[in-house]
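Nothing in this text is a laboratory measurement; each read-out follows from the coordinates by a stated rule. All values derive from a computational prediction rather than experimental measurement. Note that each Cβ is placed from the backbone with ideal geometry, even for glycine, and that neighbours are counted across all protein chains shown.
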Amino acid sequence: MEILGAILIGLFAGTASGLFGIGGGLVMIPALVYFFQLTQHQAQGTSLAVLTLPVVFLGALKYYNEGNVQLKIALFIAISFIIGAYGGSVLVHKLSDPMLKKIFGSLLFVVSIKMILGK
């Protein structure tokens, strides 16, 4: 049952990633917390482990082939993303699990309101 659940989460997160250009963590992290009872730290670490380069390659390639990738921008974001991901992974372990859930939930809330009400 755990394997089936992981496959379903992967299919849903991958589809959402291809449809909306999200990293997948938006779907995976809440699913891992609520369906697998992982801590927020475990869910975020697992999500990062899933989102390594080969996972998103085919989706990015399709976008590139359709002319929808700005390589120069992507390169600079990718380089700085590596630095930010490492720094964030150092900082996150200074936060309690309940605090991290609140911060993550607040981020999702603010982004959703901005997407719904913003220009």
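Look at 41, 93 and count the other Cβ atoms within 10 Å of each Cβ; fewest to most, that gives 93, 41. Relative to its Kirkwood radius, the Cα radius of gyration of region 2-117 gives an Rg/Rh of 0.97.
Values of log10 I(q)/I(0) for region 1-64 across q = 0.13, 0.14 Å⁻¹ run -0.33, -0.38, by the Debye formula with one identical scatterer at each alpha carbon and no solvent.
The long axis of helix 53-65 is offset from the longest Cα principal axis of the chain by roughly 30 degrees.
Listed by chain and number, the lysines whose C-alpha is less than 28 Å from the C-alpha of residue 94, apart from same-chain residues fewer than 8 away, are 102.
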